[in-house]
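Where a number appears in this text, it was derived from the coordinates with a stated rule and is not lab data. Source: prediction; values computed, not measured. Ideal geometry is used to build each Cβ from the backbone, glycine not excepted, and the neighbour counts take in all protein chains shown.
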Amino acid sequence: MQLALCTWQEVEAYLKRSTGIIIPIGSTEQHGPNGLIGTDAICAEVFAREVGKQADAMVAPTISVGMAQHHLAFPGSMTLRPSTLIAVIRDMVASLSRHGFTRFFFLNGHGGNVATTTAAFSEIYAETSLQAGLSNGTPVRCMLKNWWEAPSARRLSQSLFPGVEGSHATPSEVSVTYHAYPEAVKAVAAMAPEVAPSGSFTDAADYRRRFADGRIGSNPALASAAHGKTIVEAVTPELATAYRDFVAS
Ligand code: NI
């Protein structure tokens, strides 16, 4: 059930049976030589919609630009500053909680969002904690779920892409986007080097100096739409269980 495709009356009816909502959160940033700029937002959205169907849950519009300052040396990449992303998350949660939503399940597609999203949750909780005497029983709870950390996602990446999953522009995430958008599959002759270097980084210039084609530790040449279908079908039930448990908490 997608919020954007509902009427307000349908949302009102939904709130009578559930106060949970899934918010997909991703990023718009380079994903190496054959990965789509929208990879992280697309993955979050694909899993959110599938979980929404399986768990009969409302799905909010995707936060498709995330905290990706380190990718800005590659054309097409966009970022929100951490402070901007925190403000976006706070306002979205405040808007929806006004109507009665109380369980906010952020389905995340981008590692760079983790610290900022967690900080946004602390800001949200601080707001009620600081209102002495008013904080009792505040029902709002937020949860961050990174799809690629689901045990089924890890198992599949190990069996489909042993040793070359890496941490950015991974064959798993590229496969999920190819499954979702087969018309956007990119043909790349060969990756050079086949497996990208690994390591840490600071700002955008430092990132580009260390990771020339944008990948970190991965070989996304192994990505395919078929693998993406396998990953989506295996991981969705696990995420749906996590959502249901969270809403019941
Ligand atoms: Ni990614």
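Under the simplified labelling scheme, the E238-S129 pair shows an inter-label distance of 3.1 nm, with each label point 7 Å from Cα along Cα→Cβ. If you take the square roots of the eigenvalues of the alpha-carbon gyration tensor of segment 134-249 and sort them as a ≥ b ≥ c, do you get rounded (a/c under 1.5), prolate (a/b over b/c) or oblate? Note, shape of segment 134-249 comes out oblate.
If you add up the charges near G109, with Lys and Arg at +1 and Asp and Glu at -1, over every other residue whose beta carbon is less than 9 angstrom from its beta carbon, what do you get?
-3
Compute a Gaussian network model of the chain, connecting alpha carbons closer than 10 Å, and tell me which residue from A184, A225, A57 fluctuates the most. Top of the fluctuation ranking is A184. Backbone amide hydrogens, once placed in the peptide plane, bring A68 within less than 5 Å of L80, excluding anything fewer than 5 places away on its chain.
Based on the Stokes-Einstein relation at 4 °C and a viscosity of 1.567 mPa s, and on the Kirkwood radius from alpha carbon pairs, segment 1-127 is assigned a translational diffusion coefficient of 86 µm²/s. The Cβ shell under 10 Å around E173 holds other residues with a net charge of -2, Lys and Arg each +1, Asp and Glu each -1. Looking at segment 1-132 alone, DSSP beta bridges between its own residues are antiparallel in about 10 percent of cases. Using a Gaussian network model on the chain with a 10 Å cutoff between Cα atoms, which of L36, L222, L130 fluctuates the most? In this elastic network of the chain, the residue with the biggest mean-square fluctuation among L36, L222, L130 is L130.
For W8 and K229, compute 0.36 nm times the residue count separating them, minus their Cα-Cα distance, and round to one decimal in nm.
76.2 nm
A simple rule links phi to the HN-Hα coupling: the Karplus curve 6.51 cos²θ - 1.76 cosθ + 1.60 with θ = phi - 60°, which for segment 211-219 gives 10, 4, 9, x, 7, 10, x, 10, 10 Hz, with x for Gly and Pro.
Of all DSSP beta bridges confined to the chain, the antiparallel ones make up roughly 10%. Long hydrophobic helices in the chain, taken as whole DSSP H segments with a C-alpha length of 18 Å or more on their own axis and mean Kyte-Doolittle hydropathy at least 0.5: 82-98. Helix content alone sets the calculated 222 nm mean residue ellipticity of the chain: runs of n ≥ 4 DSSP H residues at -39500 (n - 2.57) each, divided across all residues, give -14500 deg cm²/dmol. The Cα atoms of the chain give a gyration tensor whose axes a ≥ b ≥ c have a/c of 1.5 or more with a/b greater than b/c, which makes the shape prolate. For segment 14-166, averaging the sequence separation of C-alpha pairs within contact (under 8 Å, six or more residues apart) and dividing by the residue count gives a relative contact order of 26 percent. A cut-off of 5 Å between modelled amide H atoms, ignoring neighbours fewer than 5 places along the same chain, links S218 with S167, H168, A196.
Can you list which of the GluC sites (Glu not before Pro) found in segment 1-90 are DSSP loop residues with at most 13 other C-beta atoms within 10 Å?
Working: sites: E10, E12, E29, E45, E50; in loops: E29.
Counting only loop positions with at most 13 other Cβ atoms within 10 Å, none of the GluC sites (Glu not before Pro) in segment 1-90 qualifies.
Here K53 is the anchor, and the aspartates and glutamates within straight C-alpha reach of less than 19 Å, apart from those fewer than 8 places off in the same chain, are E10, E12, E45, E233, E238, D245.
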